[in-house]
Amino acid sequence: MTVHFIAIGGSAMHNLAIALHEKGYQVAGSDDTIHDPSKSRLEKRGLLPEEFGWFPGKITNDLDAVILGMHAKKDNSELLKAQELGIKIYSYPEFLFEQSKNKTRVVIGGSHGKTTITSMILHVLNYHDVAVDYMVGAQLDGFDTMVHLTEENEFIVLEGDEYLSSPIDMRPKFHLYKPNIALLSGIAWDHINVFPTFENYIEQFKIFNDSLTNGGMMVYNEEDLVLKDVVENSSHPIKKYPYKTPNYFIENGITYLDTPEGDLPLEIFGDHNLQNLAGAKWICQHMGIDEDEFYEAIASFKGASKRLEKVAENESTVIFKDFAHSPSKVEATTTAVKKQYNKRAVLACLELHTYSSLNAEFLAEYKGALDKADKAVVFYSPHAVKIKQLEEVTEAQIASAFERDDLVIYTNPTAFKEFLFNQNLDNTALLLMSSGNYGGLNFEEVKELI
């Protein structure tokens, strides 16, 4: 099969391109710019475009399919040529479904935690040498790529994102997978540029729940009351398996899980991660992994990339970076770090970087999100607000939204870096939360803070 990727450099797109290349497909693609790690990984496999830009001449009737990434626009010249020639155009999730129609599809969804839960499941399966196809939103230890596709594997494990599928397909990605087994971790309003009301956002999860195959299995976090209502009030003929935070305790900075096999020390911590673990256990059991086998494997799980990822540590200081940006995740992550390191000061630095977080109307959702931090800092770039063509957000609006009198606010990357590098971090847990990089902060340099 010959496939062309429009916007091949995206995180998900380049991984799918590599997976198809390894499966024996003829793969090519275009993009207007590609950065590392995508660039070097494509180059290593001979898939990097010779030059950047869009070239309609690459689109010919010799192609079996075109896969369209979200980075492209509706008026992309290659897309228009493909439409003119009548070539089959797939979104990323559409193509994954085509690749998995004859497999047992396991889809992990939710506003937060889906990458971590998917990573936990793959870690356990890999530990026990169970081969599956997969797509996950982070690079994992022991896995070369974030997408793996075969003809022979029985299961495919998919991270189910609720964001839109492509510039010409406004359906959320996870609506397209039609799972046999699914998990929902929680519902917390996000992507307000696409789902302007919470009710509209909730509706997407109702549609996902009802997209399961008849008789399918839905695993869900019963501690999220909105999600509990969505699943338990659905009349769709599926089996329902609730989960909740398991019993645990913290001793000398280590979280121990209460299991039938005894107290199990974990590499991860925080109520939200323990909820994720409980959900992952149900999924693994549905995939044939016994409970004791799950516990044996999960003890060595260190977390997904950028999800409470430990950057550096010594006897008196620990530094984490985390992808947290939505209000509920920021609160959960900050609370988890304070609970784990309750005898240390927690310095929490949050970058407001996404469309939702930089929206003046949405800011109120952050009320109390940083309350558990001993010192709280918010960084945002007025330039990013302009690029996203949003209404200007002021420091006063941010201070008012978080309702914290001592909140420190930075808009200049250099000033923020100077503040950070002049902190005394003795007996401190530093938490850097962002889906960006604070205007160019080098995390390798951050390691030198201790």
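The values are calculated or read from the model by the stated rules, or taken from the named source; none is laboratory data. Every value quoted in this text rests on a predicted model; they were computed, and no experiment measured them. So basically every Cβ, Gly included, is an ideal-geometry build from the backbone, and we count neighbours across all protein chains shown.
Checked against the criterion of being hydroxyl-bearing (Ser, Thr, Tyr) and surrounded by fewer than 21 Cβ atoms within 10 Å (Cβ to Cβ), the range 105-120 contains not a single residue that satisfies it. Where helices (runs of 4 or more DSSP H) sit wholly within the range 1-107, those with at least 1 residues that are more than 23 Å from the chain's Cα centre (by Cα) occupy 11-22, 38-44, 77-85. Looking only at the range 121-141, residues that are outside any loop (DSSP other than H, G, I, E, B) and either basic (Lys, Arg) or touching a helix residue (DSSP H, G or I) at 6+ places or on another chain (Cβ under 9 Å) (or both) come to 9 in all. Among the residues of the range 16-38, just one is over 17 Å from PRO167 (Cα atoms), at pLDDT 95 or above and polar (S, T, N, Q), namely GLN26.
Comparison of GLY279, GLY262 shows that the only residue that is assigned by TED's automatic domain parsing to the domain that holds TYR163 and either touching a Pro at 6+ places or on another chain (Cβ under 8 Å) or under 19 Å from GLY113 (Cα atoms) (or both) is GLY279.
The single condition among (1) in contact with a strand residue (DSSP E or B) (Cβ under 6 Å, 6 or more places away or on another chain); (2) assigned to a loop (DSSP other than H, G, I, E, B) that THR118 does not meet is (2). Please verify whether LYS372 is basic (Lys, Arg) and either surrounded by fewer than 19 Cβ atoms within 10 Å (Cβ to Cβ) or under 24 Å from the mean Cα position of the chain (by Cα) (or both), treating the condition exactly as stated. When the stated conditions are applied, LYS372 passes them. Scanning the range 170-207 for residues that are in a loop (DSSP other than H, G, I, E, B), surrounded by fewer than 18 Cβ atoms within 10 Å (Cβ to Cβ) and out of contact with any strand residue (DSSP E or B) (no Cβ under 8 Å at 6 or more places or on another chain) returns ASN193, PRO196, THR197. Of all residues in the range 144-169, those being closer than 18 Å to SER100 by Cβ, of a type outside the set (Asp, Glu) and either out of contact with any strand residue (DSSP E or B) (no Cβ under 7 Å at 6 or more places or on another chain) or not in a strand (DSSP E or B) (or both) number 6. Filtering the range 229-283 to residues that are assigned to a helix (DSSP H, G or I) and under 17 Å from LEU308 (Cα atoms) leaves ASP271, HIS272, ASN273, LEU274, GLN275, ASN276, LEU277.
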